[in-house]
Amino acid sequence: MKLNTLTATLGGMLMSSMITHGAITFVSVADDLSNISPNSEINTTNSQVDDFWRQRDGFGEGGITVLEAWNDTEDVAILTMTLTGLAIGETYDIYTNYIRFGAGADADGNRGGVRASLNGIDFTTFNGAGGTSGVVGFSELTGHAASDRVGLRGYLGTAVADGSGQIQIFMDDDGLSGGIEERIWLDGASYGLAAVPEPGTSALLGIAGLGMILRRRR
């Protein structure tokens, strides 16, 4: 076999040994709140001072439900969202989804910051597309748009589905008062299979490198 053919073959083997990122799946806050806890911290009252999340149906990425809070005037509880139906033991990329206001010239400005965590201790704050509208964190547009609102998702990292095929996400308002972060809409969460090299990839890398060295010595 010619060395250039060997190198190409090894390169192809290496590429085929990688599992690519899976498609991202969005999961809305359920309208019956079955995937959110504690439900006792949520009501449907139009209040900005009662320290409860407000359930608003018919909004968000799936047009199902969002949870609203106001940083300036209330202190809402941390909520837990549970993703179900995942493959036991698989590793997933996890995102928190939220809605940003003021995509155009709306007076609300770019409000919509959130913070979220995979362990309930280490939180990441996300404010606006690309992190340019807030002080910490990066997020990306999901493609959802309605009126002056756009959908965003913030990457939290990877997590492994437990023995019940579940992953939990801890979500909160961003804890910042005033300015663009005043009004919060939690929309849900997203997940996708993480890219994980199969066993033997490191060995294939070494073989491919050897093939390149031999080719150069010809």
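The values are calculated or read from the model by the stated rules, or taken from the named source; none is laboratory data. A quick note: this is a predicted structure, and the numbers were derived from the prediction, not measured. Counting neighbours? That spans all protein chains shown, and the Cβs are built from the backbone with ideal geometry, glycine included.
Of the residues that make up segment 48-60, is at least one farther than 25 Å from Asp122 by Cβ and within 16 Å of the chain's Cα centre (by Cα)?
Among the residues of segment 48-60, at least one is farther than 25 Å from Asp122 by Cβ and within 16 Å of the chain's Cα centre (by Cα), which makes the answer yes.
When you look at Arg111, is it surrounded by 13 or more Cβ atoms within 10 Å (Cβ to Cβ), within 15 Å of Gln168 (Cα to Cα) and modelled with pLDDT under 95, yes or no?
The answer is no for Arg111.
For Val27, indicate whether it is of a type in the set (A, V, I, L, M) and at pLDDT below 95.
no
Which residues, taken from segment 30-54, are among the hydrophobic types (A, V, I, L, M, F, W, C) and in a loop (DSSP other than H, G, I, E, B)?
Residues satisfying the conditions are Ala30, Leu33, Val49, Phe52.
Would you pick out the residues in segment 155-193 that are part of a loop (DSSP other than H, G, I, E, B) and modelled with pLDDT under 95?
Within segment 155-193, Asp174, Gly175, Leu176, Ser177, Gly178, Glu182 qualify.
Please find, among Thr73, Thr44, Thr20, the residue that is at pLDDT below 90, surrounded by fewer than 14 Cβ atoms within 10 Å (Cβ to Cβ) and more than 22 Å from the chain's Cα centre (by Cα).
From the options Thr73, Thr44, Thr20, the qualifying one is Thr73.
Among the residues in segment 4-16, are any in a helix (DSSP H, G or I) and either under 22 Å from the mean Cα position of the chain (by Cα) or modelled with pLDDT of 95 or more (or both)?
Checked against the condition, which is being in a helix (DSSP H, G or I) and either under 22 Å from the mean Cα position of the chain (by Cα) or modelled with pLDDT of 95 or more (or both), segment 4-16 yields no hits at all.
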